[in-house]
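Read through the structure below, which is laid out as structure tokens, and then see the notes.
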Amino acid sequence: MEADEPASPSGIRPASQDRVWVLVGGGSALALLFLGHPYWGITYDADLYIGRALADADPAGLGRDIIFAHDGQSGFSLFPPVIAAWIGVLGPSTGALTLTVLALVAWFTGMAGLAATLARGRVLWASLVAGAVVPGFYGGLFRYAEQFATARPFAEAASLAGLAALATGRAGLSLAVLLGAAAIHPIMAAPALLVWCLVQIAADRRWLLLPVVTAATILAAASAGLPLAARLFTVMDAEWLSAVSANAYLFPSRWRETIWAPAAVRPATVLLALPFLSAAQRRVPTGILVASLIGLGVTYLAADRFVLVLVVQAQPWRALWLLSLAGTLTLPIAAVGLWRSGRQGQLALACLTLGWVLAPTSALGAAAAGAALLVPRLPIGLTGGAGKTLVRIAWVTVCAAAALTLGQRWALVLELWTAKPADASILGHVWLFWVLSAPLVLIGILVALNTHWRLHPVPSVILTTGLIVLAIATWDDRSRLDRITDKRMRDPALSALLPPGPAEVLWLRDGARYAWALAGQPNWVSHLQGASIVFSADLARIWQGRMERLLAAGLADTADRSPWIGERQVLHPTLAQIRAFCEAPDAPVAIIAPLDGSVMLPAGVEGGTYRLPAPLYELADRGGGFGWQRTDEVAIVPCRAHRQP
């Protein structure tokens, strides 16, 4: 890499930078992105997107599932019909995999474009590495650059590309791209559109007219009771709110300190990096900071306090995804600038580094980041031996905290890796535990700092090629069961054990994915099916009512209703509870219970046993720590056999 001074406002790399280094830097960072985001198949929200497409093709079967029959979300995006056409040609398994590849490549391209407007040379490469490997969590549950076939990573990619265009002075192109992002996923694109507006206002105050007119139009539409806009003046009723409260991430006032601490470290990083950017380069990062504050403020006031339906649904707090990425991309910029600005800067960098180390597990991370902001502004001199000693003590503390924290993570990963079944997936967890991310970010920053280190083309190309080959070889980290269920083909062995017809089944322990994939039937209720209850009052009431009945029947625990705030327990339903549950007119035709110790069925229960096509391995919290849980069989309990004659 060449020099590390800031990029020009145009964001174009200087002509002196050799194309080989661009390819080496970009290629290695892209490989690291794929290594850090291994493919887990059609899971999490990808289940909903793929399921929506399959439900549309099977309205009398899967289309009767409560989450698809009462879908209040899909109509706001152009992505569902695209994914339906895509998997219609390639099939669910290949279609989801290829969409995920395209999403990650598009996301990296957008991220690299934005990073190139902030730095160049070695610092740019360090920023790309950080963007590729740092777990991008925000709001506790979500993270950017998800390796799933959903709309979010595509909308993020377009948003980043739009902001890159904005940073290089192409406001018209930027707006067009951002509107495209909004067509894919309006919630994810909205913060970037707000950044666009803020940057325009900063350049020309006449642009203030835009948000004023927009707000007036929305208020007029809401007052007139027009569809969607009317929700702005609608307070979420108690029953709906009770159901939605299971998704506690919607309300920042309920976030834990380990969610707020990383959210505090990111803006501190951006603020510390701003002095080392040109005035033109500061526009977008500053806009992201302000947009995030606006998003959190609006959420707290209108969603947390007044519970206005439209604001709860719009989730303005999701602006934090941009802030999380901005903090990550500017970390190398802040690190290089602070280190070279003398001992006071080095002390500030020590505090900032400590914040990054501690934030995932402790609120002390936020305090350390706050100290990092204060140190450069303190009227103190760190000259002489005392100043040198203070800086050394600070860095010894940082190293000790990092060694302890990463050592604990390494111990956990090694324990899980040693006990890992051959077919279980762990690659993505290694990166999420920071055991590889942190060393790679450190290497990137050290390379950026030491300009006398010369990277030779041949070894660099060989290393990059090796990373690319490794990424290709290991990226598809699906288990055998994942590969089978991704095909979304009914298993005749399971169908033979179930009553005929497309009626609902109840697959316990959040098993909707397997009810859809292996039985090809709608699932009665699960936490997954409550993912979009915020968008549909009807779905929320059905989901809430069914979840309460499951809890009363001993067929679910509070973690089945809300993994965020619930507690996982072994289920011990009685025969009387099962019979009472099955008596309901809308009861499922069968209860499917994992035979892995998580559900203890009573003596006298009737039914059969179904052996999964391959073992199911899950990394489960067992109270005293994480461990591997294996499921080979499930019990099939027909409800009709437990009804009173």
Under a Cβ-only charge scheme (Lys and Arg +1, Asp and Glu -1), can you give me the dipole magnitude of the chain about the Cα centre, in debye to the nearest 20?
1720
By accessible area (1.4 Å), largest first, 527, 452, 70 order as 452, 70, 527
Please work out the average accessible area per residue across the chain, using the 1.4 Å probe convention, and give it in Å².
41
Could you list the residues of segment 560-601 with an amide nitrogen less than 14 Å from a label point located 7 Å from the Cα of residue 69 in the Cα-to-C-beta direction?
585-589
Just name one of 372, 104, 518: the one whose Cα is farthest towards the positive end of the charge dipole of the chain (beta-carbon charges, Lys/Arg +1, Asp/Glu -1).
372
Of the accessible area of segment 248-367, with the probe set at 1.4 angstrom, what percent is carbon plus sulfur?
68
Could you work out the relative contact order of the chain? I mean the mean sequence separation of Cα pairs under 8 Å and 6+ apart, divided by the number of residues, in percent.
17
Rg/Rh over Cα atoms for segment 296-383, Kirkwood Rh, comes to 1.14
Ordering 188-195, 474-481 by per-residue average of other C-beta atoms within 10 angstrom, highest first, gives 188-195, 474-481
Cβ-defined net charge surrounding residue 535, 11 Å radius [Lys, Arg +1; Asp, Glu -1]
-1
Be a star and scan segment 450-468 for residues whose amide nitrogen sits under 19 Å from the point 7 Å along the Cα-to-Cβ vector of residue 23.
455-468
Take each complete run of DSSP H in the chain, measure how far its Cα atoms stretch along the helix's own axis, and keep only those covering 30 Å or more with mean Kyte-Doolittle hydropathy at least -1.0; list them.
92-116, 384-419
Dipole of the chain [Lys/Arg +1, Asp/Glu -1 at C-beta], most positive-end residue of 481, 396, 192
396
Could you tell me the calculated FRET efficiency between residue 632 and residue 386, based on Cβ-Cβ distance and R0 = 56 angstrom, to the nearest 0.05?
0.30
Taking the Cα-to-Cβ direction at residue 90 and at residue 411 and moving 7 Å from each Cα, how far apart do the two end points lie in nm?
4.3
Gain upon complete extension [residue 253, residue 454; 0.36 nm per residue less C-alpha separation]
67.4 nm
Just want the answer: with Cβ charges of +1 for Lys and Arg and -1 for Asp and Glu, which residue in 428, 385, 317 is farthest toward the dipole's positive end in segment 234-442?
385
Using Stokes-Einstein with the Kirkwood hydrodynamic radius over Cα pairs, what translational diffusion coefficient do you get for segment 209-356 at 4 °C and a viscosity of 1.567 mPa s, in µm²/s rounded to a whole number?
74
Please work out the C-alpha center-to-center distance from segment 251-321 to segment 123-152 and express it in whole Å.
16
For 564, 339, give the ranking by accessible area with the largest first, probe 1.4 Å.
339, 564
What shape does segment 490-638 take by its C-alpha gyration tensor, where a ≥ b ≥ c are the square roots of the eigenvalues and a/c under 1.5 counts as rounded, a/b above b/c as prolate, and the rest as oblate?
rounded
Rounded to the nearest 5, what is the percent of antiparallel bridges among the DSSP beta bridges in the chain?
75
What FRET efficiency comes out for residue 179 versus residue 213 if R0 is 25 angstrom and r is the Cβ-Cβ distance? Round to the nearest 0.05.
0.90
Electrostatic dipole magnitude of segment 490-638 [Cβ: Lys, Arg +1; Asp, Glu -1; Cα centre; debye, to 20]
60
Ignoring GluC sites (Glu not before Pro) that are buried or in helix or strand per DSSP, and keeping those with at most 16 other beta carbon atoms within 10 Å, what is the longest stretch of the chain between them?
3-566
If the label point is 7 Å along Cα→Cβ of residue 109, which residues in segment 141-176 have backbone nitrogen under 15 Å from it?
153-165
The base-10 log of I(q)/I(0) that the Debye equation returns for segment 141-271 at q = 0.20 Å⁻¹, one scatterer per C-alpha, is -1.33
Could you please state, rounded to a whole Å, how far the C-alpha centre of segment 181-247 is from the C-alpha centre of segment 510-571?
30
Cα→Cβ-extended label distance, 7 Å offset, between residue 60 and residue 400, nm:
7.2
By the rule of another cysteine's Cβ lying under 4.7 Å, the cysteines of the chain that fail to get a partner are 197, 351, 399
Label-point separation, residue 340 to residue 242 (7 Å along Cα→Cβ), nm:
6.1
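The values are calculated or read from the model by the stated rules, or taken from the named source; none is laboratory data. This one's a predicted model, so the numbers in the text were calculated from it and none came from an experiment. Every residue, glycine as well, gets a Cβ built from its backbone with ideal geometry; the counts of neighbours run over all protein chains shown. In case anyone asks, the SASA skips ligands and DNA or RNA and just uses the protein heavy atoms, side chains included. Shrake-Rupley method; radii C 1.70, N 1.55, O 1.52, S 1.80 Å.
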